[in-house]
Amino acid sequence: MAFFIRKREFWSMKLETLIRKIIKQWYILVLAVVIFAGAGYLWSNHVYHPVYTAKTTMLVHPRKHTGASVEADIKLMPTYQGIMLGDSMLNHVKKDLAKHSKYKVSVEKLSQQIHSSTDSNTLLIHVTAGTTSAKSAVAIANTTVKQFKKHANDTVKIGKITQLVKAKKQNVTASARETKKFILTGGLFGLVLGLIIALFRIQFLSIKKS
């Protein structure tokens, strides 16, 4: 029993000694925290680009103005959305963007940038596009509706499509830069790295003395 007590005291003493040695090298920790927190600030304000989101809304008119036809069209809204975001339609969007907006992007990338949603029991489809450029986001959103209007009937018989609210640059929203988050993350990384450097230095000095 006495052996275990002495062993615990030994490790406790070693830990206290190690902590004191680390504290003596406080400048390493501070320097690492300052450097990486500063790097986080610079990244947030000069390298990181927020995501700009543009939104447009279109109305899919019923094929026939009867209650049953309108109800049938409402049930088909997920199908219309699937056609609009399918590879075939996005390929038309891709070509149009390259030709008129000088924006070159792959179909795969477009599928990640474009999203759609509907309001319950309506024939409205909301299209949102998010990129690191406000201008590109607007172009993608409007071009998606344009090409859907032009080619939707190539796949399925659909009623007239009207773009109710066009995407505009002044209505684009941007994601927050989260500067504090980057500074905190950088600072914590610097603290951990500073501790590792301090421990290696303590070990190096201990070996050098012996």
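The values are calculated or read from the model by the stated rules, or taken from the named source; none is laboratory data. What you are looking at is a predicted structure, and each value in this text was computed from that prediction instead of being measured. When we count neighbours, we look across all protein chains shown, and the Cβ atoms used for this are built from the backbone with ideal geometry, even at glycine. Just so you know, the surface numbers come from the protein's heavy atoms only, side chains and all, with ligands and any DNA or RNA stripped out. Shrake-Rupley method; radii C 1.70, N 1.55, O 1.52, S 1.80 Å.
Return one whole number: the accessible area per residue of region 99-154 in Å², for a 1.4 Å probe.
On the way: 2910 Å² over 56 residues.
Per-residue accessible area for region 99-154 comes out at 52 Å².
Given the -39500 (n - 2.57) contribution per DSSP H run of 4+ residues, what per-residue ellipticity at 222 nm results for the chain, rounded to the nearest 500 deg cm²/dmol?
On the way: 8 runs with 123 residues, N = 210.
That calculation yields -19500 deg cm²/dmol at 222 nm.
Among the listed pairs K104/K160; K21/K208; K55/K135, those with a Cα-Cα distance over 24 Å are K104/K160. Among the DSSP helices (H) of the chain, those spanning at least 15 angstrom by Cα along their long axis with an average Kyte-Doolittle hydropathy of 0.0 or more are 26-42, 179-209; this is a geometric and hydropathy rule only.
Farthest toward the dipole's positive end in region 80-159, which of M89, T144, V105, given Cβ charges of +1 (Lys, Arg) and -1 (Asp, Glu) about the Cα centre? It is V105, whose Cα lies furthest towards the positive end.
Carbon-plus-sulfur fraction of the accessible area of the chain, 1.4 Å probe, in percent?
On the way: 8740 of 13910 Å².
The computed percentage sits at 63.
For the chain, the normalised intensity computed at q = 0.10, 0.11, 0.17, 0.19 Å⁻¹ comes to -0.63, -0.68, -1.09, -1.22 (log10 of I(q)/I(0), Debye sum over alpha carbons, equal scatterers, no solvent). In whole Å, how far is the Cα centre of region 110-181 from that of region 44-87? Measuring centre to centre over Cα atoms gives 7 Å.
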